[in-house]
1. Among 322-328, 361-367, how do they line up from the highest to the lowest mean number of other beta-carbon atoms within 10 Å?
2. Just grab the label-to-label distance for PHE283 and HIS346, each label 7 Å out from Cα along the Cβ direction, in nm (one decimal).
3. Set the Förster radius R0 to 30 Å, insert the Cβ-Cβ distance between ALA155 and ASP181 as r into 1/(1 + (r/R0)^6), and round the FRET efficiency to 0.05.
4. Would you check the accessible area of LEU8, probe 1.4 Å, heavy atoms only, in square angstrom rounded to 10?
5. Based on alpha-carbon positions alone, could you give the equivalent ellipsoid semi-axes of segment 48-107 from the gyration tensor, as √(5λ), descending, whole Å?
6. Short version: ³J(HN,Hα) in whole Hz for each residue of segment 282-294, in order, from phi by Karplus 6.51 cos²θ - 1.76 cosθ + 1.60 (θ = phi - 60°), x for Gly and Pro, what are they?
7. Please say if segment 260-386 is rounded, prolate or oblate, where rounded means a/c under 1.5 for a ≥ b ≥ c the square roots of the C-alpha gyration tensor eigenvalues, and otherwise the choice is prolate for a/b larger than b/c and oblate otherwise?
8. Beta carbons within 10 angstrom, averaged per residue: use that to sort the peptides 370-377, 264-271, 60-67, highest first.
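The values are calculated or read from the model by the stated rules, or taken from the named source; none is laboratory data. What you see is a predicted model; the values in this text were computed from it and never measured. Every residue, glycine among them, receives a Cβ derived from its backbone with ideal geometry; neighbour counts consider all protein chains shown. SASA here: full protein model, heavy atoms, side chains in, ligands and nucleic acids out. Shrake-Rupley method; radii C 1.70, N 1.55, O 1.52, S 1.80 Å.
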Amino acid sequence: MDGIMNKLRNLDVYPKINEDFYSRTLSGGVITLASSVFMCLLFFSELRLYLHAVTETKLVVDTSRGETLRINFDITFPALACSILSVDAMDISGEQHLDVRHDIIKKRLDVHGNVIEARQDGIGAPKIEKPLQRHGGRLEHNETYCGSCYGAEAADDDCCNSCEDVREAYRKKGWALSNPDLVDQCKREGFLQKIKDEEGEGCNIYGFLEVNKVAGNFHFAPGKSFQQSNIHVHDLLAFQKDSFNISHKINRLAFGDYFPGVLNPLDSVQWTQEQPSGMYQHFIKVVPTVYTDVSGHTIQSNQFSVTEHFKGAEIGRLQSLPGVFFFYDLSPIKVTFTEQHVSFLHFLTNVCAIVGGVFTVSGILDSFIYHGQKAIKKKMEIGKFS
């Protein structure tokens, strides 16, 4: 038994020295104090990393199919009235959403930016009595109203009972409504008068669009849009104006839901139009993004980068459609952010490395100073005797 104990004793790599043989120095005390403070700082730094989640980033190929893209926007036009502003969206697959109104709210603003009225999109006003019937006579008692579409009827029994119905019928035909005062519905509803009443007002438009997850564009422009010879056109003749001030401020623009750490480069950015009219173009590269927090909750969203271009036009010569255009394309690479905690074993390994590393380096430094002092002292004593 004693032989086994002696063999175990011989394996001890930590031989003990009698305290009577220890030599304590001032430099050793300073190094011990400094290394202890440094060790504590490193320990608390490692503890903070352990207690807080870290985010791991990966790049993968986006293999998703058949999804939709949600575009959230909040844009203010300080010099463009709500009554003439419309929203269109289209993509390379050929799908078009013209004069979008659902899920969109407009706020009329005065010259100081204060809200006058908030409403769903559309122009409307109280109708006067006895509107003009489709057959040419005025509406009589006990007679159902059916207004004329002025040649734009898709079927014989179609009725256009409001100015908006006539404009929509003309849009579907690809026609422009050059003079609304010639249309009984528009004249009764005061279409042009309403536009004149809102002259000098601004508009804050916000909401969201749900589009196919393919390249496309959406834009904010004056006038009702329609297709004419496969060309996208806006009816600006009805407003009887030569120029439009498209100055705007993007309060918020996001492709998808918010997630921690996302930065949208167009948020709170403002453009002021110096020329009489023009087109603002924003070219956007959308990067699909998946964010997973520590609890495992996943957010499917997007990030984007953007470049801008402004195309001006001379007054009276609208060579390009005045408006704000957003052309977006999707990246084939998806970014994944995964929040996770450092494992306890990893934390323990780092703590051991900190303690052992600082202890070893401080021991080497103390030994160097101690033997250096002894060597200098010895040389001084030899020089004294010689």
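1. Order by mean packing, descending: 322-328, 361-367.
2. Rounded to a tenth, the inter-label distance reads 4.0 nm.
3. So, using R0 = 30 Å, E works out to roughly 0.65.
4. Only protein atoms counted, so the area is about 110 Å².
5. Semi-axes from the Cα gyration tensor: 37, 22, 9 Å.
6. Once θ is set to phi - 60°, the couplings for segment 282-294 become 10, 9, 10, 10, 8, 10, x, 9, 10, 10, 10, 7, 5 Hz.
7. Verdict is oblate for segment 260-386.
8. Packing proxy ranking, top to bottom: 264-271, 370-377, 60-67.
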